[in-house]
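Taking it in order: structure first as C-alpha cells, then the write-up.
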Amino acid sequence: MERIELKVGGMTCSNCALSIAKYLQKEGLQEVKVSPIDGSVSFNKEENIPIEKLKTGITHLGYTVIDSNSPIKTSNSLLSTNKKRFLFTLPFTLILMLHMIHRWYPIHWIMNPWVQIAICLPVFIVGMRFFGKSAIKSLQSGIPNMNVLVALGALAAFVYSLVGMFYFKNDNFLFFETTGSIITLVFLGNYLEEASIQSTQKALHSLVKSQKVMANMIAFDDNHAEQVFAIENTQLKTGDLLLIKTGEQVPIDCKILWGDCSVNESIITGESIPIQKAKKDFLIGGSILEDGIVKVQVTAVGNETVLSGILRMVQTAQSEKPPMQKMADRISAVFVPMVITIALLTFFVTHFLFDITFSVSLMRAIAVLVISCPCAMGLATPAAIAVGLGRAARKGIIFRNASSLESFKKIKQVVFDKTGTLTTGRFDINTFHSLIDVAQFKEIAFSLEKYSNHPIAKSITMHWKSSHFIQWKKIEEIKGIGIKAEDMEGNIYEAGSCQILPAESTDQEHNVYILKNKILLGWIDVKDEIRPEAKKVIQWLQKKQINTILLTGDTAQKAMEVANALGIKEVYARQSPLQKMEKIAALNKITPTAMVGDGINDAPALANATIGISLSDASQLALQHADVILMNQGLQNLPEALGVGRHTFITIKQNLFWAFSYNVVAIPIAAVGLLTPTFSALAMGFSDVVLAANSLKLFVKKVL
C-alpha cells in the first residue's frame, strides 16, 4: 500500500472536495483526504492502480492536478482565473445595467434587444464555459456543486430573455442584465473568496518560502584547499559541509562542527529571542543566524527536516475533518438538490397559487438559486482550522490532527510528567555511594546506562564516560524500571529505580540503584532543575480553573519537592508506564484530561489521554503518540495551545452559525421577492468573504 499526495486546483467548496473524494473511493482507494482550503489530496493506493488514470479521472471532473510529477500545467490564458474572468465581464455588465435606470434616465439604444444580446453574449459564453462545464461534471459525479445553481439561474434568465425577444417582442421580458450581473458578481465573489481563503494560509506560506534558499557549500580542491560555492539547498545531501555567516538563513537541518553563534528560531518556535549555539549543537533549517560564523554538517534533507515535518503534520491536520464538520458535509451533499426544489416550488407557488406574473415568479426562483451558498457550510470549519493551525505553527505548536483543536474546548485538567517536562531533563550527579571500588562502580554504571535513552541515564553516561566498559552477552531496557544485562560469565547486572531492589529493602529514596546478582553495589542521586517557565504555566492553568496533576515514576520525596515548588496539590509518584496509563484512563472517565510528557514511559499515557502533548525533544515513541507537539521544549506555549484550540472551536461555531443562518434567512427573503437576482448574487458572493474574515480574526485575536 502506497501513500500518494497530490495538489489539485479548481476546488471552490466542500462539494468539490466531496466529488473528488467520492471518485477516489469509487476507484478502490483508502483513507482518502481532500482539503478544499489548500487543494491537498492524499490517499492509500494499491500497486496495480495506475496513478495516471487517477489524475485523468480528477481532470475529467473539472479540476486540475498540479503536483510536481504531473504534466498538466496551470493555464495563463486571458480567462484562466476568477479575477481575470470578473474583469473581462464587468464592462459588458455595467453597460447592461443601464437598462435598469431607463425609466428615470431614458437611454433608448440600450433598450434595443439586439444591442442587449450582443453585449450579454460574451458574458454568457464565459459564464457558461466556467459554471456550466463545472455544473455538468459535478452532476456526472453524483454530487452537484454550487455552480449548478449559478448556471441554472443565469441560463433561465438568458433563455427567458430570448423568448421575450423573439416571441413576446416586449422590453418587459428582457432580463439580459440579470444574466450578466449573476455571472459577473459570482466571479467577483469567487475571487474575493479565493483571496480571503489564501490569506488564511499565510502562516504556512511563510514556512514554505523559507524551505528553498541558497547555501554556501564547502568543498576541497585537488590540493585539499577549502573552496566555498553557492548551491540551492534542495541539492544538498546528508553529510555535506556548509558555511553559514551572520544574517544568513540556516539552509537546512545541520550540526555545528566549528564556531558558535546566536540563532533566531522564531519561524519554528515563535520565540524571537536569539538562542546561543556552540559546537555539536543542532541548527534548524529556516532559522536565522543573527551573530557568528559557523561551519556545519547537513544532518537531514528533503522530507526528513524539521520544517518539512512541521508542514507535513499541519497539512495533514488541515485535511482531516473534526466531528463538527461532518454534519455540515452531510447537509452540503444534499443542499443543491434541496435548493433547486425550493426554487421550483417558489416559481409554481407564486405563479399558480398567488397569480403573480410569469416574469416575477421566474425572477424570484432565480434569486433563490443564486442567493443560496453551500460553500459557506463547507468552508466554515476548514477556514477556521487553517487559521488556527497556521497561528499555532508560527508559535511552535504543532497539531497532529484537527480533532485536537476541537478537543481543547473540554479540557478540565492537565497531567504532567516530571522529568524532562516540568524539569529541564538535564541532570547533574549530586551524590553517589559505592559498596565496591569506585572506578569499578562507575564502569558498571556507564556500561549499563549507555544503552538507555532516559534523561538520568544520559546524564550518568555523560559524566562517567569511559573508554573501558563491559561487553554484555545480553541487555534489555525495561520501561519504567531500568536496564538489565548479562555478562559473558552469566552474572546479572541491573540499573534502575527502587523497583529492582529486593522486597525486604527499606532504602528506597535514591534515583538509581546498581545491583549484581540481586546484591546492591551502590546508588546514585542526581539533581534536576525545574524549568523556569513551569511555575508560570501552572499558575495560569490554575487561574483558568484547570486542575493540575503530577504523575511520575520518581520517588514520592522527589515528586513532592517539585510539586511544592510549583503549587501542584495532586501527586502520584512511583508510577510504572502501565500504572500511568491506567491512572490517565481513570482520570479521563471523571473529566477530559490532557497529558504532557516526553519520555518512552509516557507514550501509553499520552495515547490514552483526551489530548496527548509532547515536547519536541521528546523520545520518538512519545512524539508518535502525541496529538500536540510543543517545539523547542516549549512548555511555555502550553497556554497558547489551549487558547488557540478553544478559540478555533469558538470560531468554527460562529462560522457554522453564520453559514446556516445566512441560508435559512436569505432563501425565504429571495423567495418572497424582497431581493432581485442581482442583489442575491452579490449577497451570495460576499457570504463566504464574511466567513473567511471571521476566521482571519484568529491571527490577531487574544486567546490567553
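The table below gives the values:
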quantity	calculated
Charge sum, other residues only, whose C-beta stays under 14 Å from Leu121's C-beta, Lys/Arg counted +1 and Asp/Glu -1	0
The chain, relative contact order [Cα under 8 Å, separation at least 6], %	13
Spin-label zone in the range 176-193 - amide nitrogen under 19 Å from a point set 7 Å from the Cα of Lys137 along the C-beta vector	187, 190-191
P(r) weight above 45 Å for the chain, C-alpha pairs, percent	38
Signed unit charges on C-beta, dipole axis of the chain, positive-most listed residue Gly302, Gly420, Met363	Met363
Set of aspartates and glutamates near Lys474 by C-alpha distance (under 15 Å), chain-local residues within fewer than 8 positions excluded	Glu449, Glu486, Asp487, Glu489, Glu494
Chain lengthening between Thr59 and Leu78 when straightened (0.36 nm per residue, less Cα-Cα)	4.8 nm
Estimated inter-spin distance, Asp437 and Glu290, nm [label 7 Å along Cα→Cβ]	5.2
Relative contact order (%) - the range 2-54, alpha-carbon pairs under 8 angstrom, separation at least six	44
Of every Cα-Cα pair in the range 222-288, the percent that sits beyond 13 Å	67
Ellipticity estimate at 222 nm from DSSP helix runs (n ≥ 4, -39,500 (n - 2.57)) divided over the chain, nearest 500	-14500 deg cm²/dmol
Only Lys, Arg (+1) and Asp, Glu (-1) charged, at Cβ; the chain dipole about Cα centre in debye	2200
Hydrodynamic radius (Kirkwood) for the range 429-529, which is based on Cα pairs only, to one decimal in Å	13.5
Debye intensity ratio I(q)/I(0), log10, the range 2-54, q values 0.26, 0.27 Å⁻¹ (C-alpha model)	-1.03, -1.10
Column: log10 I(q)/I(0), Debye, Cα scatterers of the range 488-536, q = 0.26, 0.29, 0.31 Å⁻¹	-0.95, -1.09, -1.19
Square roots of 5 times each gyration tensor eigenvalue, C-alpha, the range 298-427, largest first, Å	52, 17, 10
Cross-link pairs Lys237/Lys395; Lys395/Lys543; Lys395/Lys569; Lys536/Lys653; Lys518/Lys569 - those with Cα-Cα distance over 25 Å	Lys237/Lys395; Lys395/Lys569; Lys536/Lys653; Lys518/Lys569
Hypothetical label at Thr357: residues of the range 648-683 whose amide nitrogen lies under 19 Å (7 Å Cα-Cβ projection)	671-679
Hypothetical label at Ile478: residues of the range 569-598 whose amide nitrogen lies under 15 Å (7 Å Cα-Cβ projection)	575-579
Net charge over other residues, Cβ less than 11 angstrom from the Cβ of Lys473 (K, R count +1; D, E count -1)	-2
Rounded Å value of the spacing that divides the Cα centres of the range 227-304 and the range 472-538	38
Distance between the range 380-434 and the range 37-69 - C-alpha centres, whole angstrom	35
Net +/- balance of residues flanking Gly247 in space, Cβ distance below 11 Å, scoring K and R +1, D and E -1	-2
Per-selection Rg to Rh, the range 349-399 - Cα, Kirkwood hydrodynamic radius	1.50
Distance (nanometres) between label positions extended 7 Å along Cα→Cβ at Glu489 and Glu504	2.5
Whole-angstrom Cα spans of the range 544-589 along principal axes, big to small	29, 27, 9
Simple spin-label estimate for Val115 and Val665 in nanometres, 7 Å along Cα-Cβ	4.0
Long-range HN-HN contacts of Thr423 with modeled amide H, under 5 Å	Arg531
Set of aspartates and glutamates near Lys26 by C-alpha distance (under 14 Å), chain-local residues within fewer than 8 positions excluded	Glu46
Relative contact order computed over the range 213-274 (Cα-Cα under 8 Å; 6+ residues apart), in percent	27
Out-of-range pairs (alpha-carbon distance over 28 Å; input Lys280/Lys442; Lys84/Lys702; Lys412/Lys458)	Lys84/Lys702; Lys412/Lys458
Within the chain, percent of DSSP bridges classed antiparallel, to nearest 5	80
For the range 640-704, the spread of Cα positions along each principal axis, largest first, Å	48, 17, 11
³J(HN,Hα) computed for each position of the range 337-348 - Karplus, 6.51 cos²θ - 1.76 cosθ + 1.60, integer Hz, glycine/proline x	x, 5, 5, 4, 5, 5, 4, 5, 4, 4, 4, 5
Radius of gyration, Dmax [the range 374-476; alpha carbons; angstrom]	23.7, 78
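Every read-out reported here was derived from the displayed coordinates using simple, explicitly stated rules and does not represent laboratory data. Remember, predicted model here, so these are calculated numbers, not experimental data. Heads up, the Cβs are rebuilt from the backbone with ideal geometry, glycines too, and the neighbour counts pull from every protein chain shown.
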